[in-house]
């Protein structure tokens, strides 16, 4: 009896604080509406529970990575990232996910896209979304990427092998400018709802930074607390939508939520202070340079995005930005920025160029862990392919 569905080889791989379904590009349709339908069916979208697919019903776990041998001489693999919506039949292909980028390095070693070298293999990753290069230094033993180790990242239980993820020349990933508005700070006027100070920075992904106090927040609120504040979420999304139109990501602010739900990212920052993470563990002010929270796909991120971390670290080096203004003199001079996120601390090392603002950042590095969770087949009904 002929199968009713097509079997698609896939793997679920955790990278940092996110998970993605990994697909090899030659196993799926080419880019376009048919590929989107194909992937949405694998994830069980649109459905808030994604009950009939592999999606995890959360923006951190509803991600796809498409991998193939690179067409470039300076790269080992081409990597395309997609943020799969569970609320609408939409995949946002505009930006990248840094957490998943760390998993790409591990996956590339294990799938034979790059020759393994012990004790470390440097995987040269070309991200097609942003037209940028990423370098993942992956621990290797006996020809396979190591997952076990003693490196800990806040937001992931246990420890793992440290993968160094470096973003080369991250400025202008989507808008082609480090400061898409041309200013380190702007005012977004929402009329009766108020005026809000923002810094719009594009490094690895474009991010809109807001001041927690202008939203009526302390800044240390946990993601679940903020999601219990619908009026605050509406303002955040409205500001994000206005900025998306202002910098040319969408034609009109009214289209942003539907057509570009993931890009730009948005978040708020506040001065360093002690706070508790979701597990009740104290995060000390002496271990961080400021407090930050990010949102994606109209939901608060449970930890912190790596691309968001790259952009935040970069924003901390831009004189006059609202992130820079939070830093003390020692933090402004340091090459490593310590971000206080909901679960703890993310260290971001920023290497600067000497030059103008648009050429400010040479490379940004972050430590991550990654692990293959499963591999097998997803089943896509043949009726979808007709």
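Specify the inter-centroid distance of the range 255-301 and the range 10-36, based on alpha-carbon positions, in whole Å.
About 26 Å separates the Cα centre of the range 255-301 from the one of the range 10-36.
For the range 25-130, what does the relative contact order come out to in percent, with C-alpha contacts under 8 Å and a separation of six or more?
Once divided by the residue count of the range 25-130, the mean separation gives 24 percent.
Most fluctuating residue of 210, 133, 282 in a GNM of the chain with Cα springs under 10 Å: which is it?
282
Stretch residue 26-residue 383 to full length: gain in nm at 0.36 nm per residue minus the Cα-Cα span?
126.5 nm
Taking the mean number of other Cβ atoms within 10 Å as a proxy for protection, how do you rank 340-350, 226-236, 138-148 from highest to lowest?
Descending packing order for the listed peptides: 340-350, 138-148, 226-236.
Order 68-81, 258-271 from most to least packed using the mean count of other Cβ atoms within 10 Å. List each step's numbers first, then the result.
Details: 68-81: 17.4, 258-271: 22.2.
Averaged packing, sorted descending, gives the order 258-271, 68-81.
DSSP beta bridges in the chain, what fraction antiparallel, as a percent rounded to 5?
Looking only at bridges with both residues in the chain, the antiparallel portion is about 85 percent.
Using only the alpha-carbon atoms of the chain, report the extent along each of the three principal axes, biggest first, to the nearest angstrom.
65, 48, 42
Quick check: the angle from helix 33-43's long axis to the longest principal axis of the chain, C-alpha only, nearest 10 degrees?
Rounded to the nearest ten degrees, it is 90.
Which residue fluctuates most in the GNM of the chain (Cα springs below 10 Å): 121, 312, 30?
Maximum fluctuation in the GNM of the chain, among the listed residues, is at 30.
Which order, highest average first, do 123-129, 88-94 follow once you tally other Cβ atoms within 10 Å for each residue and take the mean per peptide?
In descending order of packing, they fall as 123-129, 88-94.
So which residue, out of 190, 60, 217, gets the largest mean-square fluctuation from a GNM of the chain using Cα contacts under 10 Å as springs?
Fluctuation is largest for 190.
Using alpha carbon centroids, what distance separates the range 70-113 and the range 167-190, in Å?
Centre-to-centre distance over Cα atoms comes out at 23 Å.
Every number here is computed from the coordinates shown, using simple stated rules; none is lab data. Please read these numbers as outputs of a predicted model, since none were measured by experiment. Using ideal geometry, Cβ is built from the backbone for each residue, glycine included, and neighbour counts are taken over all protein chains shown.
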